[in-house]
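See below for the structure under consideration.
The values are calculated or read from the model by the stated rules, or taken from the named source; none is laboratory data. These numbers come from a predicted model, not from an experiment. A quick note on method: Cβ atoms are made from the backbone with ideal geometry, for glycine too, and the neighbour counts reach across all protein chains shown. Protein only, heavy atoms only, side chains kept; ligands, DNA and RNA dropped before computing areas. Shrake-Rupley method; radii C 1.70, N 1.55, O 1.52, S 1.80 Å.
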Amino acid sequence: MTFQQHKTTPAPPSIETVDAARLESSASRGAQPASQGQRRPLTLCPAGCRATIHTDELDLDARTMLEAMGVEHGCEVEICKVGSPCILRIESTRFGVGREVASRITATVTATLHGSALPG
Amino acid sequence: MPAHVNDHVSTPSSPPVPGRQVALIGNPNTGKTTLFNRLCGLRARTANYPGSTAEMRIGRCDRGDQRLEIVDLPGIYGMDLDLPESRMCRDCLDGRLEETPDAILVVIDATAPARGISLAIAAIARRLPTVVALNMADLAARRGLSFDEAKMATKLGVPVVAISGRTGRGMDSLVDALHTAIPGHAVLPLPSATNLERRAWIDGVIAESMGGHDAVGSSRDSVFDRLDKAFTHPILGLAVFVGVMGVLFWTIFSLAGVPMDLIDVLFEKFGGLAADVLPAGSVRDLVVDGIIGGVAGTVVFLPQILILFFLLALLEDTGYLARAAFVMDRVMCRFGLPGQAFVPMLSSHACALPGIMSARLVPDRDDRLATILVAPFMSCTARLPVYVLLIGLLFDGSPWLAGFAFAGCYLLGAAAALISAFIARRTILPGRSRPMVLELPAYRRPSIRNAVLVSWDRGMVFLKNAGTVILGIVIVMWWLSAYPRAETPENAIALRSEAANMMATAPAEAENLEAEAERLELNAQQSGSFAGQIGNFAQPLFAPLGADRTLTVGILTSFLAREVFVSSLAVLQGGGSDVDDDESVLKLVRDAKRPDGSPLFNTATAASMLVFFVLAMQCLPTLAVTRRETGSWKWPALQFAWMTGLAWILSALVFAVVTASTTP
């Protein structure tokens, strides 16, 4: 097998990083401002965004199970679908998360699809 | 980073050791079963873990004079989780179940290796000879990933082999590595390392040994996203699910009919042959009616089981079932059952035996037990002849009402199942279900070979059960209904001699007399047999349901199999055993009278019997399969008591209400 230098997974071009300027701009367009680092329930995140997820509000069993599956506290995910289930992608692996568990997972959005404003 | 201090790394090479026992472990969806089937093929059997009800597959992999015995352990996400499958893996690797295995084979998904490496670290820490298989290497290459096996082997301190269980690539190298593996020597994260430390170490291994990147955001992901959205959509997803299940069960019914008929004919011929060869007497009756007849009644379901598991394996392989579980979870979770429970419950509409066996799709033990307990409430095909008879009695000449009643029977069974599950999850099986988080495997083309091997394995398990526990039960039931032998009643003898005299002049009347004589004989046998005596004894128990002695005997014999009820009634009313036309049976039963001259069935009796047959547990093979799948007689006993008790209460209620409303 040919060895190539490892490259980190690049964010797809359609996703833009949330930055202060955009947040200001989105606020000026009338959208509710969303500050970087603001935690919100996974179920309220927009589909297509990238986010850091926080599992510290889950009970120990669920958290341990998620960690073993690779959905760790603090890891970055792409939120493919919001609803029941929420579908997350970590690297190339997809996970379906039932509504009950998803409502107890919080996320900090780091990049939104096409740089669109975050919902309030 | 804290780590084991080992000062060298080796890729082991020691002389081949024949007959090694290898424990196969890996995360779910890493192609572990496909690899097992590739290595062992048909040289595999299913056995229970010592002292446990969980099953394991043990297979043999022979290459030349070298032999490996491979034990396929359940898929796990972590060795230290407080879950039955993780405990089982720990116990097996630590030698608490049997002997410690000679080596461990860890299967890792080459397209997403991080979790697999985490599991490999836990396995290598056991200090057993270990080999890591990077499975789906062909898929990884297609996705633009590349890896350096030697570098990964150096970091992990054990051999790493790139393979494809699906195509067979790398199998020879893997088998060689398993024969020569020795315990790993490498600097690995300590068990006490934090998640972040372990993750950083794993990321380092991946960075050094893997190249390229999985093209996230590619057109493939876009297609997967759209499929996921469609398959898990509340309405579209449900429509797709109904369609897929419709096709699944239509295929089962269409394809299983012919082999089922063939099995029927085969056993009939076999029984006829045995009857010709053996001298008349108890031994012949035992062989023909007890053993051959009893086994035929169970083995006839084998085609349904084979086709069901073949199709389920194909569906699982495509990646669709994981999505479907979420669609049904919205409904099932209200009753304390997970989405995966839907397939076993739906399968039970064909027959509870494959339904209960497919409950292994449910990952959580308590959820699985609840599913198994309530699955036989679903109306199976064996109930249909009884529904046809009793609904025919109730709504003769009103096809619309009969149709609604038919649908009502199915709904009543389903409602009883869901409500029973709700009660069970809050009483005898308390506690929360496993969190509904599932890995959604990539969509892919299913492997026919794998599906054939899975359905073959399930079929063999079923046949083994049919040939042991079920056969034993059937023989006991046959003996109870056949002994002690009753003397032929005098009036039957008289009728027979009259029939013989009339045969030449009035053959039709002679046949009627023969049928009447047969009815009298059977009636005498039923009354005199142990089952009949139990029926007499139990009649007061069924009196609140409107059953007299004849109906009580019919109910008791139908505990062997429900459909026996119709043929028993037909025979007892003088139809002879060859009456199988619905209309003829219906007429016979409608005209049947009790000893006091009142009809055998009035509206109240027919309604109460219908409710009883919808809800009661009257299938001994189902109880035997429940025992096998749960590993204890406690669960089938509970299943029997709950279903039959509920059936009795509701039937008695229906009888009382209908009697009160129809009595002037």
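Data for the structure
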{"read-out": "Whole-number Å³ per residue for the convex hull built on Cα positions in chain B", "value": "186"}
{"read-out": "The range B:71-124 versus the range B:469-526: alpha-carbon centroid distance in Å", "value": "62"}
{"read-out": "Cut-off of 10 Å, at most 15 other beta carbons, DSSP loop: longest stretch of chain B lacking such GluC sites (Glu not before Pro)", "value": "B:100-486"}
{"read-out": "Accessible area in square angstrom per residue, the range B:20-212, 1.4 angstrom probe", "value": "34"}
{"read-out": "Hits among aspartates and glutamates - C-alpha to C-alpha of B:Lys634 under 16 Å, sequence gap 8 or more where chains match", "value": "B:Asp366"}
{"read-out": "Estimated 222 nm signal from helices in chain B, with DSSP H stretches of n ≥ 4 weighted -39500 (n - 2.57), rounded to 500", "value": "-18500 deg cm²/dmol"}
{"read-out": "Cα→Cβ-extended label distance, 7 Å offset, between B:Leu384 and A:Glu57, nm", "value": "5.1"}
{"read-out": "Convex hull of the range B:20-212 built on C-alpha atoms - directionally averaged projected area, nm²", "value": "10.3"}
{"read-out": "Degrees, to the nearest 10: B:114-124 long Cα axis against longest axis of chain B", "value": "90"}
{"read-out": "Mean-position separation - Cα centroids, the range B:138-173 and the range B:609-664, in angstrom", "value": "55"}
{"read-out": "B:Leu196 paired with B:Arg444, simple spin-label distance in nm, labels 7 Å along Cα-to-beta-carbon", "value": "3.5"}
{"read-out": "Phi-based couplings in Hz for the range B:638-646 (Karplus 6.51, -1.76, 1.60; Gly and Pro marked x)", "value": "5, 4, 5, 5, 5, 5, 6, x, 5"}
{"read-out": "For the protein assembly as shown, alpha-carbon Rg over 2.2 N^0.38 Å", "value": "1.14"}
{"read-out": "Tilt relative to chain B, helix B:365-374 - C-alpha long axis, 0 to 90 degrees, to 10", "value": "20"}
{"read-out": "Cβ-derived FRET efficiency at R0 45 Å, B:Val476 paired with B:Asp591, nearest 0.05", "value": "0.85"}
{"read-out": "Between B and A, accessible area buried - total, square angstrom, nearest 100, 1.4 angstrom probe", "value": "3600"}
{"read-out": "Percent of beta bridges antiparallel (DSSP, the range B:20-212, rounded to nearest 5)", "value": "45"}
{"read-out": "Reduction of at least 40 Å² in accessible surface, 1.4 Å probe, comparing all protein chains with the chain by itself, residues of the range A:35-82", "value": "A:Met65, A:Ala68, A:Met69, A:Glu72, A:Lys81"}
{"read-out": "Heavy-atom accessible area ranking, 1.4 Å probe, most first, across B:Asp91, B:Asp261, B:Asp457", "value": "B:Asp261, B:Asp91, B:Asp457"}
{"read-out": "Threshold 40 Å², the range B:409-440 residues less accessible with all protein chains present than alone (1.4 Å probe)", "value": "B:Arg432, B:Pro435, B:Val437, B:Leu440"}
{"read-out": "Label point distance in nm, A:Arg40-A:Glu100, each placed 7 Å from Cα along Cα→Cβ", "value": "2.6"}
{"read-out": "Residues B:Phe537 and B:Thr662, FRET efficiency given R0 of 41 Å [Cβ-Cβ distance, rounded to 0.05]", "value": "0.85"}
{"read-out": "Using alpha-carbon coordinates, inclination of helix B:448-465 to the longest axis of chain B, degrees", "value": "50"}
{"read-out": "Rounded to the nearest 20 debye, dipole of the range B:20-212 from Cβ charges on Lys, Arg, Asp, Glu", "value": "320"}
{"read-out": "Exposed trypsin sites (Lys or Arg not before Pro) absent: longest stretch of chain B, with sites in DSSP loops and at most 13 other Cβ within 10 Å deemed exposed", "value": "B:128-431"}
{"read-out": "Unit charges at the beta carbon, dipole of chain B: most positive-side option, B:Gly645, B:Trp400, B:Ala499", "value": "B:Gly645"}
{"read-out": "Neighbourhood charge, 15 Å Cβ-Cβ cut-off, centred on A:Thr43 and excluding it, Lys, Arg +1 and Asp, Glu -1", "value": "+4"}
